[in-house]
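Here the structure is laid out as structure tokens; the discussion comes afterwards.
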Amino acid sequence: QVQLVESGGGLVQPGGSLRLSCAASGSILSIYSMGWYRQAAGKQRELVATITSGGSTNYADSVKGRFTISRDSAKNMVYLQMNSLKPEDTAVYYCNVGYYSGSDYYPLDYWGQGTQVTVSS
């Protein structure tokens, strides 16, 4: 059973930064890809960033150049560094385990509880 626990959310002003962390149970980072999703109020959950077991990364166009996904396989941790935050980044952020088939990321049904990020002045 895979367990994921997110942390690091909070309230930040526009232009500010936050670093989200995801602690994963078991040594899954060496096997699976990992992703960060977000869900704003009244909207569908959207994929924000992914990182493969080999360390390749992908980002949604809306966060490219501002967000950075990284991982520490030894600690079973995945991070999302978020810079130049905008009000439209406000959402609950979720960590996920998944895999790539070709260029498409497929989430497995393992999710954390989410961490709230609010960008507001």
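The values are calculated or read from the model by the stated rules, or taken from the named source; none is laboratory data. These figures come from a predicted structure and were not determined experimentally. Note that each Cβ is placed from the backbone with ideal geometry, even for glycine, and that neighbours are counted across all protein chains shown. What goes into the accessible areas is simple: the full protein's heavy atoms, side chains included, and nothing from ligands, DNA or RNA. Shrake-Rupley method; radii C 1.70, N 1.55, O 1.52, S 1.80 Å.
Scan segment 74-91 for residues that are more than 19 Å from Ser33 (Cβ to Cβ) and either assigned to a loop (DSSP other than H, G, I, E, B) or without any contact (Cβ under 8 Å) to a residue 60 or more places away in the chain (or both) and jot them down. Asn83, Ser84, Leu85, Lys86, Glu88, Asp89, Thr90, Ala91, listed by residue number. For residues in segment 4-29 being touching a strand residue (DSSP E or B) at 6+ places or on another chain (Cβ under 8 Å) and among the polar types (S, T, N, Q), which is farthest from Gly98 (Cα to Cα)? Filtering segment 4-29 for residues that are touching a strand residue (DSSP E or B) at 6+ places or on another chain (Cβ under 8 Å) and among the polar types (S, T, N, Q), the one farthest from Gly98 (Cα to Cα) comes out as Gln13. Note on segment 70-92: among residues that are farther than 24 Å from Gly42 by Cα and not polar (S, T, N, Q), the one that is surrounded by the fewest Cβ atoms within 10 Å (Cβ to Cβ) is Ala74.
So that you can scan it fast, the table gives a plain yes or no per residue for (1) in a loop (DSSP other than H, G, I, E, B); (2) farther than 27 Å from Ser103 by Cβ; (3) not hydrophobic (A, V, I, L, M, F, W, C):
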residue: Val2; (1), (2), (3): yes, no, no
residue: Ile31; (1), (2), (3): yes, no, no
residue: Arg38; (1), (2), (3): no, no, yes
residue: Gln44; (1), (2), (3): yes, no, yes
residue: Ala49; (1), (2), (3): no, no, no
residue: Gly55; (1), (2), (3): yes, no, yes
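A count restricted to segment 53-69 and to residues that are loosely packed, with under 15 Cβ neighbours inside 10 Å, under 16 Å from Ser33 (Cα atoms) and of a type in the set (Ser, Thr, Tyr) stands at 2.
Scanning segment 93-105 for residues that are within 18 Å of Leu29 (Cα to Cα) and of a type in the set (S, T, N, Q), we see that the one that is least open to solvent (accessible area, probe 1.4 Å) is Asn96.
With respect to Leu108, determine if the residue is in a strand (DSSP E or B), hydrophobic (A, V, I, L, M, F, W, C), touching a residue at least 40 places away in the same chain (Cβ under 8 Å) and exposed (fewer than 15 other Cβ atoms within 10 Å of the Cβ). Yes; evaluated as a whole, the condition is true for this residue. Among the conditions (1) touching a Ser or Thr at 6+ places or on another chain (Cβ under 9 Å); (2) at pLDDT 95 or above; (3) among the hydrophobic types (A, V, I, L, M, F, W, C), Leu29 misses just one, which is (2). Which one of Val119, Val92 is touching a helix residue (DSSP H, G or I) at 6+ places or on another chain (Cβ under 7 Å) and closer than 28 Å to Leu11 by Cβ? It is Val119.
Kindly indicate whether Thr50 is out of contact with any Lys or Arg (no Cβ under 8 Å at 6 or more places or on another chain), closer than 21 Å to Val12 by Cα and among the polar types (S, T, N, Q). No. Within the set of pairs 6 or more residues apart or between chains, which connect a residue that is free of Cβ contacts under 8 Å to residues at least 40 places away in the same chain inside segment 14-37 to a residue that is open to solvent by less than 60 Å² (accessible area, probe 1.4 Å) with Cβ atoms less than 8 Å apart? Filtered contacts from segment 14-37: Ile31/Ser53.
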